[in-house]
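Asker: I have a structure here, written as structure tokens, and I will follow up with some questions on it.
What follows draws every value from the coordinates through simple rules; no lab data is involved. Since the model is a prediction, treat every value here as computed from it, not as a measurement. For neighbour counting, all protein chains shown are included, and Cβ atoms are generated from backbone atoms with ideal geometry for every residue, glycine included.
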Amino acid sequence: MSQPESSLTYKGRLTFVIHQISAGGAERVLTLLANELCEKGWSVTVLTFDSGSKPGFFELHSDVQHWPLSLMREQGGWWKAIKVHFLRPWMLRKAIRKSRPDAVIAFIDVMNILALVATIGLKIPVIVSERSHPAFNISKLCSLLRRVVYKRSACLVLQTRDARDFFSSSISKRIIPNPVLVPEYSEPALKSEADSKTLMAMGGLREVKGFDLLLKAFAPLCDKFPDWVLEIWGEGVQRKTLENLRDELGLQERVRFPGLTKEHYKTMSQADIFVLSSRSEGFPNVLGEAMACGLPVVSFDCRSGPSELIQDGVNGLLVPPDNIQELSSSLERLMASVELRKSLGEQARKITETYSLDKIVQSWEELVAEVAREQ
């Protein structure tokens with residue numbers, strides 16, 4: 001491997017590792033990063049564990065090599081599942097060696113662990129990347145393995161200061177947040193004079209996203225604001241549970257679950273307020289996207305990310321974590337005031353300057369050049 005002259009001139013071979021290209025925020029960011037690096041002259045390979053029989057939710061650049069490894073445990077019955085479980089590191093190692101990367105970038109804790117185990121003895125730097133807050137949503141076994149094997153990584157990438165501080169100082173760490181793209185249109189999408197106004201939320205229909213809290217916060221506002229509806233975009237295991245809660249609260253005519261969308265900005269352009277009700281986050285992509293659209297936003301101040309995007313009262317409203325009453329009160333403030341919605345939305349759009357795609361991709365390029373130079 002040739003030694004890079006500088007972080008800005010170095011272009012080489014990169015291999016990404018992720019479970020599959022599904023509808024999650026991590027997958028979207030990986031796709032953006034892989035496509036942009038490919039455009040800039042990098043040779044990019046993406047290894048996934050699915051069979052490749054269905055197209056990924058997000059589209060990869062035509063020059064990005066996508067190698068599905070068919071290592072999903074649910075494929076082919078219980079015996080194949082057991083074999084796949086034990087063959088995963090070996091098969092991943094074989095694919096990594098075949099791709100001949102200057103560096104490997106893995107996304108999400110389980111993939112991080114597998115990539116580090118698979119590359120033992122290989123002189124290939126592995127950058128691992130946590131995409132949710134590391135204190136939550138992980139099994140005890142994975143947490144233990146993570147503490148042991150992350151020390152092998154060339155660098156651990158986190159998205160926020162809070163997530164960085166969770167890990168030991170013995171691990172090399174770097175904060176690289178997610179990019180927030182500029183919408184294709186240039187005008188804020190407020191429709192304050194419309195007959196019907198929309199409060200929007202977006203994310204996987206899972207407990208961590210706190211949509212049950214949002215439904216309970218919205219319920220007492222319905223009589224005061226009969227012209228407002230709530231749309232919760234996404235899919236997940238809690239759809240039926242959330243639909244039942246909606247019905248129990250008498251919100252059948254006021255709350256919609258439209259499903260998935262690939263066009264976040266276009267969908268958000270139909271909203272008047274965006275709300276993030278998560279119990280925890282890694283880096284809330286949808287919050288940044290909503291702000292980029294010029295939407296006034298309300299968010300729980302959960303760990304982690306919202307407080308790094310929002311200046312309370314300046315470009316959005318922050319609410320104490322899991323506090324349904326405070327969330328309801330903040331939503332009421334916004335729903336009642338066209339002026340407040342407009343002023344917060346105008347300030348929110350400036351988020352694209354701080355988290356531009358060019359800045360984020362350059363940070364990744366500099367990191368890869370740095371770890372490659374050290375080999």
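Asker: With an 8 Å Cα cut-off and a minimum separation of 6 or more residues, compute the relative contact order for the chain in percent.
Answerer: Worked out over the chain, it gives 16 percent.
Asker: Okay, next question. Please give the residues of the stretch 142-178, grouped as numeric ranges, whose backbone N is less than 20 Å from a label point set 7 Å along the Cα-to-Cβ vector of ASP358.
Answerer: 176-178
Asker: Let me ask another. What longest range of the chain stays clear of loop-exposed GluC sites (Glu not before Pro) (DSSP non-H/G/I/E/B, at most 12 other C-beta within 10 angstrom)?
Answerer: Longest run free of exposed loop sites: 264-373.
Asker: Could I ask something else about it? Which residue, PRO321, LEU295, PRO306, has the largest displacement toward the positive end of the dipole of the stretch 197-354 when charges sit on each Cβ (Lys, Arg +1; Asp, Glu -1)?
Answerer: Going by the charge dipole, the pick is LEU295.
Asker: Tilt of helix 324-336 relative to the longest C-alpha principal axis of the chain, in degrees (0 to 90, nearest 10)?
Answerer: Here the helix axis deviates by roughly 60 degrees.
Asker: Using modelled amide H (1.01 Å from N, peptide plane; none on Pro or chain starts), what sits under 5 Å from the amide H of VAL255, excluding residues fewer than 5 places away?
Answerer: Close amide H contacts, sequence-distant or interchain: LEU230.
Asker: Between GLU207 and GLN252, 0.36 nm times their residue separation minus their Cα-Cα distance comes to what?
Answerer: Gain on extension, GLU207 to GLN252, equals 14.2 nm.
Asker: From the list (i) 5, 21, 28, 22, 13, 7, 3, 1, 0; (ii) 5, 21, 25, 22, 16, 8, 3, 1, 0; (iii) 5, 23, 31, 24, 13, 4, 0, can you say which value of P(r) over Cα pairs in 10 Å bins from 0, in percent was derived from the structure given?
Answerer: Entry (iii).
Asker: Compute the length gained on full extension between GLN270 and LEU87: take 0.36 nm times their separation in residues and subtract their Cα-Cα distance, giving the result in nm to one decimal.
Answerer: Going from the current span to full extension adds 61.2 nm.
Asker: In terms of the Cα gyration tensor, with a ≥ b ≥ c the square roots of its eigenvalues, is the stretch 197-354 rounded because a/c is under 1.5, prolate because a/b exceeds b/c, or oblate?
Answerer: Taking the square roots of the gyration eigenvalues as a ≥ b ≥ c, the stretch 197-354 is rounded.
Asker: On to the next question. What value, in deg cm²/dmol to 500, does the helix sum -39500 (n - 2.57) over DSSP H runs of n ≥ 4 give at 222 nm once divided by the residues of the chain?
Answerer: The per-residue figure over the chain is -11500 deg cm²/dmol.
Asker: Quick one: Cα centre-to-centre distance for the stretch 306-352 and the stretch 124-175, in angstrom?
Answerer: A separation of 31 Å, based on Cα centres.
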